[in-house]
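First the structure, in the form of structure tokens, and then the observations on it.
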Amino acid sequence: MAQDPHNHSQKNKPVEQMLTEQGIFVTAQRRIIAEALFARNQHITADQLLGLVNKNSAKVSKATIYNTLGLFADKGLVREIHINASKTFYDSNASRHHHFYNVDTGDLIDMKERLVPLFLQSDLPDGTVMETADVVVRVRNQTL
């Protein structure tokens, strides 16, 4: 059985071990992508990751980036945060948490508030239980 990817000790493991434990076949390109993605907790788009990976003289295609991010998301190693139809961030911190999205700067910022799921619990339809809550609060820079 694969280990819980939400366990923060996952980040201290070599990427090969982290991927293998999630049932992911390790290729050179997946290793390079994982090393860039899991170097720190970050919110990154596929295009930003492509630039980061290829900046270091690796040659990884855009399709490989998208396919690998999709695989990592399916296995629970990253979280997909959909901002709109054309913008998705990949969060290397797969633990359950919420976000602020600054529409002026395009930054995605972790939210410290943990009460959102508790608040929503009271309004669930009869006969259901909450699986997860993904909340993105859109903010703007304050103008003076």
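Structure data summary
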| read-out | value |
| --- | --- |
| Separation between Cα centres of the stretch 67-102 and the stretch 119-144, rounded to whole Å | 16 Å |
| 5 angstrom amide H check on Val139, placed H, neighbours 5+ away | Tyr101, Asn102, Val103 |
| Summed side-chain charge close to Asn56 - residues other than Asn56 whose Cβ falls under 13 Å, Lys, Arg +1, Asp, Glu -1 | +2 |
| Least to most buried among Tyr101, Tyr66 (fewest other Cβ within 10 Å first) | Tyr66, Tyr101 |
| Whole-number D in µm²/s for the stretch 8-91 (Stokes-Einstein; Kirkwood sum over Cα pairs; 4 °C, 1.567 mPa s) | 100 µm²/s |
| Cα-based shape type of the chain, given that a ≥ b ≥ c are square roots of the gyration tensor eigenvalues and the cut on a/c is 1.5 | oblate |
| Unit charges on C-beta of K, R, D, E only; dipole of the chain, Debye | 580 debye |
| Under 17 Å from the Cα of Lys13 - aspartates and glutamates, other chains or at least 8 residues apart | Asp4, Glu21, Glu35 |
| Integer Hz, Karplus 6.51/-1.76/1.60 couplings in order for the stretch 126-143, x for Gly and Pro | 3, x, 10, 10, 6, 8, 7, 9, 10, 10, 10, 9, 8, 10, 10, 5, 6, 9 |
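Only the coordinates and a few stated rules stand behind these numbers; no lab work does. Note that the coordinates shown come from a computational prediction; the quantities given were computed from them, not determined experimentally. Methodologically, a virtual Cβ is constructed for each residue, glycine included, from the backbone with ideal geometry; neighbour enumeration extends over all protein chains shown.
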